[in-house]
Amino acid sequence: MIFTVAIDGPAAAGKGTISRALAAALGFAHLDTGLLYRAVGVQALTDGRGVIDPHWSAELARRLTPEDLARDDLRSARAGQAASKVAAMPAVRAALLAFQKSFARRDGGAVLDGRDIGTVICPEAEAKLYVTASDEVRAERRRAELGSASFEQVLADLRARDARDAARDVAPMKPAKDALLLDTTDLSIDAAVAAPP
């Protein structure tokens with residue numbers, strides 16, 4: 001059986017948590033597509049001595065391995081910022097497109113979460129969800145995840161990243177026209193996962 005669930009939304013809205021829970025409940029494979037861009041971004045920073053070069057980033061995207069997705073530093077603020085930068089590069093997006101499309105149409109079902117799954121990667125997905133929350137709630141969630149970061153800095157970083165992701169020329173972050181919208185601002189994790197479509 002081939003069945004794709006596309007879940008999009010900004011950082012810290014809850015899409016990853018909801019995606020993992022849904023995939024587990026359905027017995028589907030799960031792909032956090034943001035990890036692909038985080039892995040490329042972190043490698044680009046590391047290999048490029050702190051500078052993200054578009055040509056080298058595209059080459060890193062073409063060489064990406066499952067081991068690269070298991071790095072310990074992919075959930076850091078640095079990785080998130082780097083991901084947003086490489087995700088705006090058409091050559092990087094093109095290099096990762098085939099992998100994502102193939103994963104999405106695998107036998108046994110798949111849940112993918114990201115920022116352009118329902119609009120670009122899998123416009124033919126059988127189910128689409130756009131998860132969002134207020135900037136302040138998302139910033140508090142991310143601050144708690146990061147530990148020692150200040151709320152004001154995390155909020156500023158989230159807003160800057162949202163602006164970059166929504167304004168990029170290639171695959172901007174936006175809800176698919178046929179996506180169900182889920183606002184998790186006032187929902188607990190359990191309530192968000194259990195929310196009816």
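Coordinate-derived values only; no laboratory data. Since we're looking at a predicted model, the values are computed, not measured. Note: ideal-geometry Cβ built from the backbone for every residue, glycine included; neighbour counts use all protein chains shown.
On a straight-distance basis, which lysines could pair with Lys128 in a cross-link, Cα separation under 18 angstrom, same-chain partners fewer than 8 positions away excluded?
Of all the lysines, those that pass the test against Lys128 - Cα under 18 Å, at least 8 places apart if same chain - are Lys15, Lys101, Lys174, Lys177.
Using Cβ contacts closer than 10 Å as the measure, can you line up His30, His55 from fewest to most?
Result, fewest neighbours first: His55, His30.
If a/c stays under 1.5 just call it rounded; otherwise compare a/b with b/c (prolate if a/b is bigger, oblate if not). Do that for the range 82-197, with a ≥ b ≥ c from the square roots of the Cα gyration tensor eigenvalues.
Judged from the Cα gyration tensor, the range 82-197 comes out oblate (a/c at least 1.5, b/c at or above a/b).
For the residues Ser148, Ser134, what sequence is obtained by ranking on other C-beta atoms within 10 Å, fewest first? Walk me through the numbers on the way to the answer.
On the way: Ser148 5, Ser134 13.
Fewest-to-most ranking of Ser148, Ser134: Ser148, Ser134.
Would you please give the residues with an amide H less than 5 Å from that of Asp183, counting only those at least 5 places away or on a separate chain, with H modeled from the backbone geometry?
Hits under the 5 Å cutoff: Thr132.
Under the Kirkwood approximation applied to all pairs of distinct alpha-carbon atoms, what is the hydrodynamic radius of the chain in Å? Before the final figure, lay out each step's value.
Working: mean 1/r = 0.0592 Å⁻¹.
Mean inverse Cα-Cα distance, inverted, gives 16.9 Å.
Using the Karplus equation 6.51 cos²θ - 1.76 cosθ + 1.60 (θ = phi - 60°), what ³J(HN,Hα) coupling, rounded to whole Hz, does each residue of the range 157-169 give in order, writing x for Gly and Pro?
Karplus values, whole Hz, x for Gly and Pro: 5, 4, 5, 5, 5, 4, 5, 4, 5, 7, 9, 5, 5.
Just need the relative contact order of the range 4-186 here, percent rounded to a whole number, with Cα pairs under 8 Å and 6+ apart.
Relative contact order for the range 4-186 comes out at 35 percent.
Report the charge-dipole magnitude of the chain in Debye, nearest 20, computed about the Cα centre from +1 at each Lys and Arg Cβ and -1 at each Asp and Glu Cβ.
380
In terms of the Cα gyration tensor, with a ≥ b ≥ c the square roots of its eigenvalues, is the range 63-143 rounded because a/c is under 1.5, prolate because a/b exceeds b/c, or oblate?
Oblate.
Give the order of Phe151, Phe103 when sorted by the count of other beta carbons within 10 angstrom, beginning with the fewest.
The order, fewest Cβ neighbours first, is Phe151, Phe103.
Using modelled backbone amide H atoms (1.01 Å from N, in-plane), which distant-in-sequence or interchain residues come within less than 5 Å of Leu129's amide H?
So Leu129 has HN proximity to Ala6, Ile7, Asp8, Leu180.
Mean residue ellipticity at 222 nm from the helices of the chain, using -39,500 (n - 2.57) per DSSP H segment of n ≥ 4 over the full residue count, to the nearest 500 deg cm²/dmol? Can you show the working numbers first?
On the way: 8 runs with 98 residues, N = 197.
Mean residue ellipticity at 222 nm (helix-derived): -15500 deg cm²/dmol.
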